[in-house]
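Taken together, the values in this text are just the output of simple stated rules run on the coordinates, not laboratory data. Only a predicted model underlies this, so the values are computations on that prediction, with no experimental measurement involved. Cβ coordinates were reconstructed from backbone atoms using ideal geometry, including for glycine residues, and neighbour counts include every protein chain displayed.
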């Protein structure tokens with residue numbers, strides 16, 4: 001059976017439509033474009049249902065044929081979500097109250113999807129963590145209420161099956177997958193006590209040894225927690241609002257690792273600076289972090305938090321694994337120029353380097369072959385539109401927003417894991433009428449006073465680091481540690497400097513008339529001066545040849561070349577003295 005063609009939902013000022021994805025990239029004939037302004041769109045987790053609110057009502061249809069499943073009279077709905085098995089539809093609208101109704105209405109509703117029956121109406125004032133979290137089998141639902149966690153079982157929202165309360169639970173993340181479910185909770189520090197993250201297995205919350213793992217840290221005003229797909233480990237990025245050292249405008253971040261077997265560690269990042277992004281591989285055996293002052297580093301770590309591969313430095317602040325985990329994209333969006341680096345994860349070989357300026361959205365297609373990038377409003381109100389790419393850099397479809405129109409959102413239709421098998425990585429881009437956009441070679445900024453001179457290593461603003469394979473037993477320079485690699489580079493530089501200073505053998509004289517051979521005047525002092533001048537001129541001639549061959553010269557070498565005219569003049573005066581009147 002051939003894999004299905006994923007849909008792409010497009011929401012903008014000219015309405016909502018479903019695009020039948022690559023390679024056709026045409027509107028889905030079973031879905032009639034809704035011309036009204038939609039407040040939100042969403043797919044069910046298995047991709048079989050599509051829901052949206054157009055300011056009049058909430059509609060849910062089947063993606064296979066566009067038939068209506070259910071409609072709800074909820075014109076103010078701004079957020080939608082399906083439960084994992086499509087049993088419950090969750091709707092949220094901004095909380096409001098009035099003089100007539102000082103308490104306000106419950107703004108979070110849980111609906112039985114097939115019947116349209118209201119299961120529960122709740123108050124949820126903040127948009128953060130607005131939606132309850134379900135286990136994949138829907139046996140457990142968890143919601144944060146007044147700094148404690150309320151657990152419900154089998155979608156019975158009238159009875160709280162369990163509670164987790166300790167000090168002040170600020171954030172939580174329920175593990176993916178089935179039973180047994182695990183939950184990670186974050187409690188911020190107070191009065192000199194450290195912040196901490198703990199892992200629990202439901203419903204074992206009581207007792208001093210109930211936690212599966214615990215990690216405490218002082219530098220944390222907020223955290224982001226990320227489970228791997230197998231729910232065996234958790235990554236915690238702890239952030240402070242202000243970096244007390246003054247080194248970073250973005251505050252200070254640290255990365256921590258916790259495993260359900262009780263292991264925990266602080267991930268040691270080789271370069272100082274912010275942590276921009278962290279992502280687990282879908283294989284759950286490694287993760288990638290993008291970090292450090294620009295140009296940022298990107299490194300893959302294993303489950304022991306040991307570095308496996310270092311991608312070197314570059315203009316990037318985001319990382320995205322393909323759904324199958326065989327391709328990784330490093331990208332620089334936001335205040336960067338939109339450069340993407342596409343890597344083959346198994347070979348750690350770069351596939352392509354497309355340029356996508358002004359992008360505000362990136363997402364992998366479930367097939368692991370295609371990518372969508374978009375410039376959406378209100379993040380950017382100009383040049384709105386989206387592109388569908390093959391990961392080799394070929395642009396397969398491009399759609400720019402019409403004049404006066406805005407693009408608000410694009411979203412791929414999800415599919416269950418394993419629906420799209422992993423394919424061999426290609427390095428040759430498929431044919432495309434729109435061509436491909438490869439990033440041009442970047443050049444470091446040079447002040448105007450130095451632009452008329454050849455570029456030198458000392459004129460670079462940042463030290464560029466190449467990719468390194470850090471796996472044990474890797475061959476060549478890439479297997480060296482950072483300090484060993486640095487020492488090796490120093491030794492090679494010294495060796496090169498000695499070779500430059502070493503004169504060439506007499507059998508290969510420089511092609512100029514100021515060679516070492518020639519008559520002498522009989523005055524030892526004058527002969528010595530002439531010999532030294534000829535030696536310096538010969539060295540300058542060698543530097544000229546190296547520069548002509550494309551070699552970048554050092555600052556002191558360029559200064560030496562500038563003295564050629566002066567040295568020739570001195571030699572001419574000595575030769576005239578030698579000839580006499």
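Work out the FRET efficiency for residue 552 and residue 355 from their Cβ-Cβ distance, taking R0 = 22 Å, and round it to the nearest 0.05.
Between residue 552 and residue 355 the formula returns 0.30.
How far is it, in nm, from the label point at residue 154 to the one at residue 97 when both lie 7 Å from their Cα along the line to the Cβ?
3.7
At 7 Å along Cα-to-Cβ for each site, give me the label-to-label distance between residue 115 and residue 562 in nm.
8.8
Between residue 30 and residue 398, what length comes free when the chain is fully extended (0.36 nm per residue of separation minus the Cα-Cα distance, one decimal in nm)?
Between residue 30 and residue 398, full extension yields an extra 130.3 nm.
State whether segment 13-66 is rounded, prolate or oblate according to the following rule on the C-alpha gyration tensor (a ≥ b ≥ c being the square roots of its eigenvalues): a/c under 1.5 gives rounded; otherwise a/b larger than b/c gives prolate, and the remaining case gives oblate.
Cα axes put segment 13-66 in the oblate bin.
With contacts defined as alpha carbon pairs under 8 Å and 6 or more residues apart, what's the relative contact order of segment 71-184 in percent?
Contact order relative to length: 16 percent.
Simple spin-label model, 7 Å along Cα-to-Cβ: residue 106 to residue 302 in nm?
5.2
Please give the contour-minus-distance gain from residue 405 to residue 229: 0.36 nm per residue of separation, less the Cα-Cα distance, rounded to one decimal in nm.
Residue separation times 0.36 nm, minus the Cα-Cα distance, leaves 59.5 nm.
Determine, for 340, 166, 530, the number of other Cβ atoms within 10 Å of each Cβ, and report the residues in order from fewest to most.
Taking fewest neighbouring Cβ atoms as first place, the list is 166, 530, 340.
Can you tell me the FRET efficiency between residue 221 and residue 137 if r is taken as the Cβ-Cβ distance and R0 is 25 Å, rounded to the nearest 0.05?
0.10
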